[in-house]
1. Output the strands (runs of 3 or more DSSP E) that fall wholly within region 43-131 and possess 2 or more residues being modelled with pLDDT of 90 or more and under 18 Å from Arg153 (Cβ atoms), or say none.
2. Given the residues Gly151, Gly156, which is the only one that is surrounded by 16 or more Cβ atoms within 10 Å (Cβ to Cβ), under 23 Å from the mean Cα position of the chain (by Cα), part of a strand (DSSP E or B) and not polar (S, T, N, Q)?
3. Would you pick out the residues in region 138-168 that are within 23 Å of Gln102 (Cβ to Cβ) and at pLDDT below 85?
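The values are calculated or read from the model by the stated rules, or taken from the named source; none is laboratory data. As the structure is a computational prediction, the values presented were derived from the model and not from experiment. Heads up, the Cβs are rebuilt from the backbone with ideal geometry, glycines too, and the neighbour counts pull from every protein chain shown.
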Amino acid sequence: MPQRAAPESAARERPWYREPMLWLVIAIPALTVVGGLTTVVIAYLKSDTVVADEYRKEGLAINRDPTRDRAAQRLGVGATLGVEGGTLLVRLEPGSAPTPAQLVVLFSHATRAEQDRLVTLRATDDGRYAAPLAPLAAGHWYLELSPADRGWRLTGEFVDRFDTLTLRPGTVP
């Protein structure tokens, strides 16, 4: 008659993969690695967008830099924007500023940074500036008009679309 092994020796003879404590020791670091990698992927795919305006830090406060706004006000620059047949047209009133060869318009969607557009306009024979402009998505839009050297700027906003938009330098502190 064969001898039976004691219950203690049967527990010792189990294969390693049947030990619950071993799986607990392996699972905690493995889940930590998976959670960390998931966090990195989420942070990369849903990253915050870069702030498009000029800001400066003074102490603990972050303030908008009005230098280019003041320059437009001092020079007396103004502009009228319009869209005709898929073309963005700008009539610039340069005031005392030199007439630039190009203007740059940045269209910034208020909530969807992937919709933002930068349009470079070139001077036409009739004194305006023109560039093709594909239709903009519905929503709240901010725009910034400046020369290519970024010496001054005019800002404005509109909701959904505009036919004509007049930009004048605002009162800047």
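1. Numbers: elements: 55-58, 61-64, 78-84, 87-93, 102-109, 117-123.
Here the list reads 78-84, 87-93, 102-109, 117-123.
2. Numbers: Gly151 fails: part of a strand (DSSP E or B).
Testing whether each residue is surrounded by 16 or more Cβ atoms within 10 Å (Cβ to Cβ), under 23 Å from the mean Cα position of the chain (by Cα), part of a strand (DSSP E or B) and not polar (S, T, N, Q) leaves just Gly156.
3. Once the filter is applied, which keeps residues that are within 23 Å of Gln102 (Cβ to Cβ) and at pLDDT below 85, region 138-168 yields only Phe162.
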